[in-house]
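Below is one structure, written out as structure tokens; the observations come after it.
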Amino acid sequence: MLGIIGGTGLAVLADLQVGRRQIVRTPYGEPSGPLTFGEIAGKPVVFLPRHGNAHTIAPHMINYRANLWALHAQGVEDIVAIATVGGIAPKLGPGAIALPNQLIDYTHSRKNTYFDGLSENGFKQVKHIDFTEPYDAALRELCLKAAGLVGENLIDGGVYSAAQGPRLETAAEINRFDRDGATMVGMTGMPEAALARELEMRYAAICPVANHAAGRGDSLHEIKYEEMGDILHATMGRVRAIIQQVVTLYGN
């Protein structure tokens, strides 16, 4: 089954024909909210807004482990996550939509693994996942195909830098991320992607660009929130079209 994780600007899926909502208890606490089970174009899908239904959970306070565990426990095998970003690279201006193929993690103090507790025999369990390619190639290809079918330019590739938040970055921090090779910056891409890998779920992220990152473009001296909201609202309509096509193609 396919799961969709909604980010800033996508707390609901307008095209989702809701079947039921279910609260899922996990060994890691409460997820961001109930899972919504439904259909898009006759295909089953599970939806979870990572910031909660009212967008009240800050990026560093999200219970990522509970979110991913809840989806996995309900039979979700593949995840397409929506993660709003600021554009660092010139081609990632406001209104662009990107499909990253790499990431750099700058977050800290987040519960970022399932393998830090006790195993069944009482000994510490250690497992090292391969994370060379953090986003699943086949799922990325599905997203690219879906975007092409609905006439959207989904920018193929890019390096997602995961910042701690909830504040936005300084211009100097963005310069550092740029030197490190990052092309976009967000706050929720990690540990979400790594936890999906630990649970052996395929994972890809679609990243709408809400603004130029700090010190770039029209964010040279200040990021204007009111403009971000307008751009994100318009861009999310296009993201929803891509998601609907992803669900339609999934499993074919």
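Each value in this text was obtained by applying a stated rule to the coordinates, not by laboratory testing. Note that the structure is predicted; figures quoted are calculated from it, not measured. So basically every Cβ, Gly included, is an ideal-geometry build from the backbone, and we count neighbours across all protein chains shown.
Using the alpha-carbon positions of the range 1-104, Rg (one decimal) and Dmax (whole number) come out as 14.4, 43 Å. This ranking places Arg216, Arg238 by how few other beta-carbon atoms lie within 10 Å of each, fewest first, which gives Arg238, Arg216.
Cross-link reach is defined here as a Cα-Cα straight distance under 29 Å, omitting same-chain residues fewer than 8 places apart; for Lys145 the lysines meeting it are Lys43, Lys91.
The distance between label points at Glu77 and Arg179 comes to 4.5 nm (points 7 Å beyond Cα on the Cα→Cβ vector). Here are a few candidate values for Cα Rg over 2.2 N^0.38 Å: [x] 0.97; [y] 1.16; [z] 0.93. Which one was actually calculated from the structure I just gave you? Matching entry in [x] 0.97; [y] 1.16; [z] 0.93: [x]. Using the Cβ of Asn252 as centre and a radius below 14 Å, the other residues enclosed give a net charge of 0, where K and R count +1 and D and E count -1. Counting only residues at least eight positions apart within a chain, or on another chain, the aspartates and glutamates with an alpha carbon under 17 Å from that of Lys111 are Glu30, Glu192, Glu198. Rounded to the nearest 5, the antiparallel percentage of DSSP beta bridges internal to the chain is 35%. Distance from the Cα centroid of the range 203-252 to that of the range 92-113 is 13 Å (rounded to whole angstrom).
Result for the chain in a Gaussian network model with C-alpha springs under 10 Å: among Asn67, Asn101, Asn153, the largest mean-square fluctuation is at Asn153. Of the residues Met236, Met190, Met228, the one that moves most in a GNM of the chain with alpha-carbon contacts below 10 Å is Met228.
Can you tell me which of Thr235, Thr170, Thr188 moves the most in a GNM of the chain? Springs connect C-alpha atoms under 10 Å apart. The residue with the greatest mean-square fluctuation here is Thr170. By the beta-carbon count within 10 Å of each Cβ, the least crowded to most crowded order of Glu30, Glu192, Glu222, fewest first, is Glu222, Glu30, Glu192.
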